[in-house]
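Engineer: Dropping the structure in here first, questions after.
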Amino acid sequence: MLNVGDEAPNFEALDQNGKIIKLSDFKGKRVVMYFYPKDYTPGCTIEACEFRDFMEKFQKKM
């Protein structure tokens with residue numbers, strides 16, 4: 001179980017192009033990661049669009 005402030009464990013996943021990426025590939029960089037229960041649902045689409053829409057605010061915080 002992770003708690004607020006814990007370091008995220010390294011993991012691997014496929015990106016949108018089928019390429020394997022690792023969290024460790026981004027070491028030293030800030031990463032926004034979000035999870036959702038199912039692809040192609042209104043909820044996941046809204047959440048993804050909100051991240052896109054708030055990109056400028058994220059960048060200002062970095």
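The values are calculated or read from the model by the stated rules, or taken from the named source; none is laboratory data. Quick caveat, the model's predicted, so the values are computed rather than measured. So basically every Cβ, Gly included, is an ideal-geometry build from the backbone, and we count neighbours across all protein chains shown.
Engineer: Suppose the filter is surrounded by 10 or more Cβ atoms within 10 Å (Cβ to Cβ) and at pLDDT below 85; does residue 40 pass it?
Structural biologist: no
Engineer: Would you please list the contacts, defined by Cβ atoms under 7 Å and residues six or more apart or on different chains, that run from a residue in the stretch 36-60 that is under 17 Å from residue 16 (Cβ atoms) to a residue that is of a type in the set (Lys, Arg)?
Structural biologist: Note: pairs meeting the criteria are 44/38.
Engineer: Also, quick follow-up: Note down all Cβ pairs under 8 Å where the first residue falls in the stretch 18-32 and is at negative phi and without any contact (Cβ under 8 Å) to a residue 40 or more places away in the chain, the second is in a strand (DSSP E or B) and surrounded by fewer than 10 Cβ atoms within 10 Å (Cβ to Cβ), and they're at least six residues apart or on different chains.
Structural biologist: As it stands, the answer is 20/14; 21/14, since those pairs meet every condition given.
Engineer: A further question follows. Going by the conditions given, is residue 30 in contact with a Lys or Arg (Cβ under 9 Å, 6 or more places away or on another chain) and either at pLDDT below 85 or not in a loop (DSSP other than H, G, I, E, B) (or both)?
Structural biologist: Here the answer is yes, as residue 30 does meet what is asked.
Engineer: So, one more: Given the structure, is residue 23 exposed (fewer than 10 other Cβ atoms within 10 Å of the Cβ), of a type in the set (A, V, I, L, M) and out of contact with any His (no Cβ under 9 Å at 6 or more places or on another chain)?
Structural biologist: no
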